[in-house]
Amino acid sequence: MYCCFLEHTWVLLRFNVHYCFYYEFKVAFIHLNFSSPLAGDITQKGYEKKRSKLIGAFLPQAPGKGMDPSVPHERRTPVTPGSSSRYHRRRSSGSRDERYRSDVHTEAVQAALAKQKERGKMAVPMPSKRRSLVVQSSMDAYTPPDTSSGSEGEGSMQGEGTPTSSQSSINMENWISRAIHGSTTSSTTSSSSTQSGGSGAASRLADVMGQTHLENHSAPPDVTSYTTDSIQVERPQGSTTTSRSTPKYGNAELMETGDGVPVGGRVSAKIQQLVNTLKRPKRPPLREFFVDDFEELLEVQQPDPNQPKAEGAQMLAMRGEQLGVVTNWPLSLEAALQRWGTISPKAPCLTTMDTNGKPLYILTYGKLWTRSIKVAYNILHKLGSKQEPMLRPGDRVALVFPNNDPAAFMVAFYGCLLAEVVPVPIEVPLTRKDAGSQQIGFLLGSCGVTVALTSDACHKGLPKSPTGEIPQFKGWPKLLWFVTESKHLSKPPRDWFPHIKDANNETAYIEYKTCKDGSVLGVTVMRIALLTHCQALTQSCGYTEAETIVNVLDFKKDVGLWHGILTSVMNMMHVISIPYSLMKVNPLSWIQKVCQYKAKVACVKSRDMHWALVAHRDQRDINLSSLRMLVVADGANPWSVSSCDAFLNVFQSKGLKPEVICPCASSPEALTVAIRRPTDDSNQPPGRGVLSMQGLSHGVIRVDSEEKLSVLTLQDVGTVMPGALMCVVKPDVVPQLCKTDEIGELCVGSIATGTSYYGLSGMTKNTFEVFPMNSVGALISEYPFTRTGLLGFVGPGGLCFIAGKMDGLMVVGGRRHNADDIVATALAVEPMKFVYRGRIAVFSISVLHDERIVVVAEQRPDSTEEDSFQWMSRVLQAIDGIHQVGVYCLALVPSNTLPKTPLGGIHLSESKQLFLEGSLHPCNVLMCPHTCVTNLPKPRQKQPEIGPASVMVGNLVSGKRIAQASGRDLGQMEDNDQARKFLFLSEVLQWRAQTTPDHVLYTLLNCRGTIASSLTCVQLHKRAEKIATMLAERGHLQDGDHVALVYPPGIDLIAAFYGCLYAGCVPITVRPPHPQNIATTLPTVKMIVEVSRSACMMTTAVICKLLRSKEASAAVDVRSWPPVLDTDDLPKKKPPLLYKPSNPDTLAYLDFSVSTTGMLAGVKMSHTATSAFCRSIKLQCELYPSREVAICLDPYCGLGFVLWCLCSVYSGHQSILIPPSELEVNPALWLLAVSQYKVRDTFCSYSVMELCTKGLGLQTESLKSRGLDLSRVRTCVVVAEERPRIALTQSFSKLFKDLGLHPRAVSTSFGCRVNLAVCLQPHRLGKLADQGTSGPDPTTVYVDMRALRHDRVRLVERGSPHSLPLMESGKILPGVRIIIANPETKGPLGDSHLGEIWVCSGHNASGYFTVYGDEALQSDHFTSRLSFGDTQTIWARTGYLGFLRRTELTDASGERHDALYVVGALDEAMELRGMRYHPIDIETSVIRTHKSITECAVFTWTNLLVVVVELDGSEQEALDLVPLVTNVVLEEHYLIVGVVVVVDIGVIPINSRGEKQRMHLRDGFLADQLDPIYVAYNM
């Protein structure tokens, strides 16, 4: 069953098989690199020459024929991995970490990579990185990490197939392009450096000319690209055959969206490459059907019917040999110390070394005995007072000693044993923030430790506060530090003697153990267990008195403590202790000491063997014949076998006997589990097993028979310990015995194990009190077993084999993988120039209900981006090929930045914690969610649409009403509205100028809060008259001509507007260009002026000058402006006659606005609609001439313009105008004005609210002292065309509650292009202010986000998973009717169904003003009819999704209130996996993930989700965000992010209403204009 091969046959077999692999791989690799002429500047001749040079060595040739003379002769002989000199060859490069080194494995990895290449798959574009980031992360003065001692000569052996770095970048590009486009196409990627932020990588696409053909969908015509020299981008429906681009653009191909629609503009080749990669899916697509239910069910991994299953018989428990107690063995360890200390006081016990390898100090048994007594006496009698000693027998004491002072530690440890207090050895805390230090503190706290014993030198080295005290370390209890050096201690009285008892069940010591999650537990070891363990080790290792033992291990815990401090004293042995600091300086020191002292035993780790291999070549006189036992402490690690083999291979000639190498298996809980006995019989080879990794991943043992690449070679760790019983149980909760061919957790039943985790009875029960059962449920023993945490099996002859640790186990998709195996595969990937060997962390994180593998490695400071990236992609492929598992994330960090354990290894849990917190700061990241995440819900397939009639009938049957609602009826409302009798606003103004000439209509405030200017009715009238004269005389305009008004927010704009009405012209308000940003803002002005067909422009003298400036002429063609009139210089006379329109349905003004999707759309507002609009607002807000309203909005479009310019003239109230731009200078301006003028109604935008929330957050107290009082405000309305931003409004309300703002005062409005205000909610606070009609509270509901993706509304409780809060968008305006319709079928929907909001109202706009006159779109948006039900009413489609819900609340008239909830724009919604996602939901999740993400925007591009995040922090944090963003979108939205772009603050464009312009961002991204800090392409 088990195939434990004989060593030499196995090596032969291995050599033959793998030589073939190697040969094929080399040739395949070289062929692949040269199969098509290279992209780049290599000529055909150079190409041939290079090819022959590389392939020459591998082609069978007659000697001397056809060989390139330029190649030195010895380079031509292929160096095969199986050749006998392989270890010498490898050593000469001095770069291998033998711990994880296995020739077979390296070759297997190479072959796996070659296979992947033949398949040509998994190509991915390199991430783009800003140059500053590249320089910072690679050029710092790094010190190489501790574990890479002999690595200077690295890379000196470039094999035949290894291209140099300059070649490799080209080859890589070529290889990627081949993998993407099949083997025939040449490279489409540009091989320019990606460090420039990607701009170089963008290959310009051809201009696509074609007839403009707009989709018939709810979107206004896109006229943003309308400039004089612009091109029209064709957007045909369906896929059309596209013409190839002209050769001058290289061979970049035309971009297509997911449904085959070509995209114009410049697209970076990097992105193109990514898309093409993803077009070739790695795994078969998910079955395309969707059960149309609310729940999106995650795919459950179905077990593979062909997976191997255990077939063996049930195993039996293995019993170790009898523990033969020798008569002269001491009855306790203290008794042994007493014996040797008195009989042989001069015998050496411990020799310590300095960093030069010279003996520093020899501790004799006599000194150890007397000093231990002194320590025992002092800690019992000199701490605290006589009446209240600090320590009593049984109390716990911390031992804090550095790794270079074993003598002081030994004295303190035995002092504690003699005093009967319990030592807890821990590491020295070097700083207040050591990795894992907090958890150690927690252990000390839970053990009740109050005293720490330490050495003089260590005490001096601890961090001190300015007063000289040792600060309390983070998470640590308050400690008394006690120095144990003899000179500081009192001599015990003559009559005082420690009480030496036989070993009993009291606790002897507590050993700390760090768990997988970073928590630290204390394993208690009883005195009887301590003694029995020493006896078992003495018996199995054959220890005898006065033997010399060399110890390289940490003497504070584990094998180092058991052999070097405890068992040595029992047998009066002499320990030579080699500190870690000496090993760093001289890795051969331990071998030199073995020779010098003729040591019989050495305790090492495979790392120490590897270091010796690297360094031994300088040494001649090495003789290891004295060694009878070389204990390999980490021999249970499957990857130690190669270190052992390599070490034997080299040192056998130096007297090392093969049977001396003794791997052992141990764990903190079970102490020594098994150890290979040193035998005299060198003929009996050690046990070997070559097992299939595929089998191991399913938990079964299968000898590898086929040509599989994935094998794991195990060496035995000897047999069970004397006096112990061992069995193997399934790693699940119930301890059931495994079958003989099954991998499980080893359990040991013995006295010599730990007994508990201190203070944790529950965990203790699960680990130390296990009762294994057989298949029928019967216990196999009445005594409890201890779980070892080791995974393995017991082979023939009772030999134990360990395949991994429970802590390193990662269960991915139902299969088990061991972290060490993944590390070994990563390290076997050539070339290894870019990462430090041994500095690799592998762990798993839980994302979307499964474990995902993360690999983090330290990168060398001199490695280039391309090199690292190439290595990373090959690691991914190797792990995929060998283990058949995808790596979710591979990250490279700068050298020496991963948290270290005290002995220099990687602190795994701390690394994982940093990764999850986003504080790891990697310099390279590769995410592969597309290949790893296979349990996403199935894509939704739209069911055949149910007809609208059936929907309606279904709703009626189920008792649901059709979702429709309306505001109050304008016709039935009686009010003394004098303005009603006028059809036109111009007439209302004239009437007000006559009846109330001095009534102030407008007051404009400046940034200091003082009045900049104001207008009375008559002033406005007279000024408008003069402007009308000017238009007629200087502008020579006719009735109906269009005039662009380019003014800053203020009084001039209002006067110019009414001047146009008086002259019979149609005004268009345009935001003026920003003087500091003319290049980007002026083209928009030019576009609106041209698209609106303005006959002339009116503006101020300052802007006139700006329009004719040098900067302006650089941005646009200034000669093509229409005539510009300066209204600062008005004529004195008034016009002979004011214009009166003949028909109220003629055009009053044009309203131009850029939508969030980047479309510029102008809508036509007739005189009738304008008057109806003003009347509706007057009634809803109860506006009268006595009222004052504060307005802080941009006055250029939508409701902002209407409130700023029109409402005061219609209703007669005074408007206090606050330009939002002034708030940038004085954020408190708006609120101070509201308070000063005692305003009850105010309007603002989200950007104003955000500015106040962020800018005034810390100033509420000072504002209060300045007298700011918001208690009179009854309505504060946010004007918006989007879903209410509930988090922002709530923050604003909470923040200013202390200044008197009522929480119910804040509400929102909703408008869109077809109707500038559908809802506007002054939710009346009747009791607070004077008696107004009291409306209901704005209501918030919680909906299930998953149902929303399926266009359904399901209400859930607050706080339930996947819940999304939605706030109603305000009260429907008088005269407005709303219905919810299906956007596809145009049928009416029921209550609480998600659909498009349709609106019917007197103030609907009358249509788009377009250059094209596209009537189809016009009729669809403005004159739609329902396909069923009320088919007569004409509706306008808003293009927004939402739902209606009848609430329990009633309004003033006693009617039940219908609340409208806006969910999002149809244009912005993203169709992904058959579901509809709203960008804001994904953005909200992303912003929450990391404190440095200030803003986020998402968009789709060719079915890829692109996430752009703004980083507020150092550029080093940029790469931390990539995994976090990917994780959160997967967890919360079941979507895979395709591209993560990290940019600077302010890159995401925002319009005047504070809405994100995602399509502009998308265009900027595709054209490589964002200057990103980092772009990550998730595979």
Using 1/(1 + (r/R0)^6) with R0 = 51 angstrom and r between the beta carbons of Ser1427 and His1074, what's the FRET efficiency to the nearest 0.05?
0.65
Tell me the per residue accessible area of segment 1445-1571 using a 1.4 Å probe; a whole number in Å² is fine.
31 Å²
With labels modelled as points extended 7 Å from the Cα through the Cβ direction, what inter-label distance (nm, one decimal) is found for Ser1265 paired with Ile1487?
3.2 nm
Show me 1129-1137, 1193-1201 ranked by packing, highest mean number of other Cβ atoms within 10 Å first.
1193-1201, 1129-1137
Segment 746-791 and segment 1379-1401 have their Cα centres apart by a whole-number Å value of 65 Å
For segment 806-925, the accessible surface attributable to carbon and sulfur atoms (probe 1.4 angstrom, ligands and nucleic acids excluded) amounts in percent to 52 percent
Sparse-neighbour loop sites [trypsin sites (Lys or Arg not before Pro); segment 1475-1566; at most 15 other C-beta within 10 Å; DSSP]
Lys1491
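How charged is the neighbourhood of Gln1019? Take every other residue with its Cβ under 12 Å from the Cβ of Gln1019, and add Lys/Arg as +1 and Asp/Glu as -1.
Details: positive: Arg992, Lys1022, Arg1023, Lys1026; negative: Asp998, Glu1025.
Charge balance in the 12 Å sphere: +2.
Take His610, His459 and sort them by solvent-accessible surface of the protein heavy atoms, 1.4 Å probe, largest at the top. Mind showing how you got there, number by number?
Values: His610 15, His459 50 Å².
Descending order: His459, His610.
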Long-range amide H partners of Val1306 with built H, under 5 Å
Cys1276
Could you sort out which of Lys501/Lys605; Lys129/Lys900; Lys474/Lys516; Lys346/Lys600 sit more than 24 Å apart by Cα distance in this structure?
Lys501/Lys605; Lys129/Lys900
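Would you tally the net charge around Glu987, using a Cβ to Cβ cut-off of less than 11 Å, leaving Glu987 out, and scoring K and R as +1, D and E as -1?
On the way: positive: Lys981, Arg992, Lys1140; negative: none.
Net local charge, Glu987 excluded: +3.
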Stretched out fully, how many nm does the piece from Gln1236 to His499 gain, at 0.36 nm a residue minus the Cα gap?
256.7 nm
Across Lys981/Lys1026; Lys382/Lys478; Lys765/Lys912; Lys374/Lys584, pairs whose alpha-carbon gap is larger than 24 Å:
Lys981/Lys1026; Lys765/Lys912; Lys374/Lys584
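If I stretch the segment between Asp1128 and Ala335 completely, what's the gain in nm (0.36 nm per residue apart, minus their alpha carbon distance), one decimal?
Numbers: separation 793, 0.36 × 793 = 285.48 nm, distance 10.75 nm.
Value of the extension gain: 274.7 nm.
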Could you give the nm distance between label points at Leu903 and Leu430, where each point is 7 Å from its Cα heading toward the beta carbon?
1.6 nm
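Past the 30 Å Cα-Cα mark, which pairs from Lys942/Lys1164; Lys491/Lys556; Lys1110/Lys1164; Lys367/Lys460? Don't jump to the answer; show the numbers that get you there.
Values: Lys942/Lys1164 37 Å; Lys491/Lys556 27 Å; Lys1110/Lys1164 35 Å; Lys367/Lys460 24 Å.
Table pairs above 30 Å Cα-Cα are Lys942/Lys1164; Lys1110/Lys1164.
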Average accessible surface area per residue within segment 723-856, 1.4 Å rolling probe, Å²:
33 Å²
Using the Karplus curve 6.51 cos²θ - 1.76 cosθ + 1.60 with θ = phi - 60°, what ³J(HN,Hα) values do you get for each residue of segment 577-594, in whole Hz, with x for Gly and Pro?
9, 9, x, 4, 5, 6, 4, 5, 7, 9, x, 8, 4, 5, 5, 4, 5, 4
Contour minus Cα-Cα distance for Lys464 and Lys1140 (0.36 nm per residue):
234.6 nm
Give me the percent of accessible area attributable to carbon and sulfur for segment 392-481, probe 1.4 angstrom.
55 percent
Just how far, in whole angstrom, is segment 1109-1179 from segment 1255-1279 if you go by their alpha carbon centroids?
35 Å
Probe 1.4 Å, heavy atoms of protein chains only: per residue, the accessible area of segment 859-931 in Å² is 25 Å²
Measuring from label point to label point, each 7 Å out along Cα→Cβ, what is the Ser625 to Ile1545 span in nm?
7.5 nm
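How large, in percent, is the carbon and sulfur part of the accessible surface of segment 1089-1219 at a probe radius of 1.4 Å?
55 percent
The values are calculated or read from the model by the stated rules, or taken from the named source; none is laboratory data. In this text, all values refer to a predicted model and were calculated from it rather than measured experimentally. Here Cβ is always computed from backbone atoms with ideal geometry, including for glycine, and neighbour counts include all displayed protein chains. Note: areas computed on protein heavy atoms with side chains; ligands, DNA, RNA excluded. Shrake-Rupley method; radii C 1.70, N 1.55, O 1.52, S 1.80 Å.
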